[in-house]
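Just dropping this structure here.
Just so it is clear, none of the values below were taken in a lab; they were calculated from the coordinates. The structure presented is a predicted model; accordingly, all values stated were derived computationally and were not measured. Here the Cβ is made from the backbone with ideal geometry for all residues, glycine too, and neighbour counts use every protein chain on show.
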Amino acid sequence: MRFPRAALRRFASALFVTAAAIAAPSAYAEAVNVYSARQEALIKPLLDKFTDETGIEVNLVTGKDDALLTRLQTEGRNSPADVLLTVDAGRLYRAKEAGVLQPVQSDFLEETIPANLRNGEGYWYGLSVRARVIAYATDRVDPEELSTYEALTDEKWRGRICVRSSGNIYNQSLVASMLSTEGEAATEEWIEGLVANFARPPQGGDRDQIKALATGQCDVALVNSYYYGAMLQSDDAEERAAADKVAVFFPNQDGRGTHINVSGAGVTKSAKNIEAATALIEFLAGPEAQQWYAETNNEYPANSEVEASALLESWGDFKADSVDVTELGRLNAQAVMAMDRANWK
Ligand SMILES: [Fe+2]
């Protein structure tokens, strides 16, 4: 899989969504209740558009990922939720394992979302793709020096790497991807070598790692690409200034590809309006929503027929790891243990 990708059948899928929308008002109940770990600003405009096109009202509850999952579990079959929107395949996997999702079959979603970015039985579907890249300080690092995640264990990076804590699921999923392809021994050795090269104890979020590159606390960092995009376009002059001193590098291009992950959605087990809930997920996977979303949050569209934003295009084409993202969830516990043993705080 390569990102960004060319739009191939935009017209065909636009027709499909329109047909689904026309059929909607008579076929569905009046409202869909969404539990979203995505911020309101990043999802509400799309939900409003869905309501405009279908007449189906959407009630939005936003919250932290883990809190929303706990809430779904506590509410059980009485939960008012119809759709769960969350980030990271590790969490989507967890939600399925917790029994709060139900499978839905959709020809449109199966055709639109690549098989490695969704659950094979239809419990959840990836809706946007994020790459975990190597960010580097452009005045101190020549991109020629960079190659793979594995090569960050080289002695030349001693005391030069920043990354957030092992408690963060993005790092857990990166380690899980490595477990999936390289095995446990090689992965644990990698973590040890990476930890040995840390510039400081893990702290902060991905934006803080980019800021640390700008202030000279470290020279390379592992971050999700959309944070870099957001900082480049930030209203905050300090964030823009930090991002201007940084560039991103897509590692492992000669091998398995750069680690990617997804945000996604599933229909809840408690859903009363399964058809409307499925229609909403189809809408979010459709060309219009995918394009808006990709532009707004600088993520890559999961829909292979939709183009990435101009900013992402400017970073160039890259090869993405084709591992089934379900593996990231399946191997999460093993990843957490390996990080713990290798002392990634
Ligand atoms: Fe994030």
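Express as a percent, rounded to the nearest 5, the fraction of DSSP beta bridges in the chain (both residues included) that run antiparallel. All intermediate terms of the calculation are to be shown ahead of the outcome.
Numbers: 27 of 40 bridges.
Taking every DSSP beta bridge with both residues in the chain, the antiparallel ones total about 70 percent.
Per residue of segment 46-58, in order, report the coupling 6.51 cos²θ - 1.76 cosθ + 1.60 (Karplus, θ = phi - 60°) as ³J(HN,Hα) in whole Hz, putting x for Gly and Pro.
6, 5, 5, 5, 4, 5, 4, 7, 10, x, 8, 6, 10
Right, another one. From the alpha carbon gyration tensor of the chain, can you work out the equivalent ellipsoid semi-axes (sqrt of 5 times each eigenvalue) and give them in Å, largest to smallest?
35, 22, 18
Mind listing which trypsin sites (Lys or Arg not before Pro) in segment 51-83 are in a DSSP loop and have 16 or fewer other Cβ atoms within 10 Å? Don't jump to the answer; show the numbers that get you there.
Working: sites: Lys64, Arg71, Arg77; in loops: Lys64.
Sites meeting the loop and neighbour criteria: Lys64.
Here's a follow-up. For every helix of n ≥ 4 consecutive DSSP H residues, a contribution of -39,500 (n - 2.57) applies; sum these over the chain, divide by its total residues, and give [θ] at 222 nm rounded to the nearest 500 deg cm²/dmol. Provide the component values of the computation, followed by the final result.
On the way: 15 runs with 154 residues, N = 345.
Estimated from H runs of four or more residues: -13000 deg cm²/dmol.
Oh, and also: Please give the contour-minus-distance gain from Ala151 to Gln73: 0.36 nm per residue of separation, less the Cα-Cα distance, rounded to one decimal in nm.
Working: separation 78, 0.36 × 78 = 28.08 nm, distance 4.14 nm.
Difference between extended and current length: 23.9 nm.
Given just the C-alpha atoms of segment 270-345, how large is their convex hull per residue in cubic angstrom? Present the calculation step by step, with values, prior to reporting the outcome.
Values: hull volume 13.7 nm³, N = 76.
Each residue corresponds to 180 Å³ of Cα convex hull volume.
Whose amide H sits under 5 Å from the amide H of Ala247, counting only residues 5 or more places off or on another chain, with H placed in the peptide plane?
Answer set, sorted by chain and number: Tyr136, Thr138.
Can you list residues from other chains, or at least 5 along the same chain, whose modelled amide H is less than 5 Å from the amide H of Asn33?
HN-HN under 5 Å from Asn33: Asn59, Asp82, Val83.
Each residue of segment 161-172 in turn: what ³J(HN,Hα) in whole Hz from Karplus with 6.51, -1.76, 1.60 and θ = phi - 60°, glycine and Pro shown as x?
Along segment 161-172, the couplings run 10, 10, 7, 6, 6, 6, x, 7, 5, 4, 5, 4 Hz.
What distance in nm separates the two pseudo spin-label positions at Ala185 and Ala98, each 7 Å out from Cα along the beta-carbon direction?
Here the answer is 3.7 nm between the modelled labels.
Hey, can you grab everything whose amide H is under 5 Å from the amide H of Tyr149? Only 5+ residues off in sequence or another chain; H modelled, so Pro and N-termini drop out.
Long-range HN contacts for Tyr149: Asn252.
A further question follows. If each residue of separation counts as 0.36 nm, what is the full-extension length gain between Lys345 and Lys49 once their alpha-carbon separation is subtracted?
Contour length minus the Cα-Cα distance gives 102.3 nm.
Counting other C-beta atoms within 10 Å, and keeping those with at most 16, which DSSP coil GluC sites (Glu not before Pro) do you find in segment 213-318?
Here no GluC sites (Glu not before Pro) fit, given the DSSP loop and packing criteria.
I want to check the label-to-label distance for Asp235 and Glu30. Put each point 7 Å from Cα in the C-beta direction and report it in nm to one decimal.
Taking the simple label geometry, Asp235 and Glu30 are separated by 3.5 nm.
Which of rounded, prolate or oblate describes segment 212-345 when judged by the alpha-carbon gyration tensor and an a/c cut-off of 1.5?
Taking the square roots of the gyration eigenvalues as a ≥ b ≥ c, segment 212-345 is oblate.
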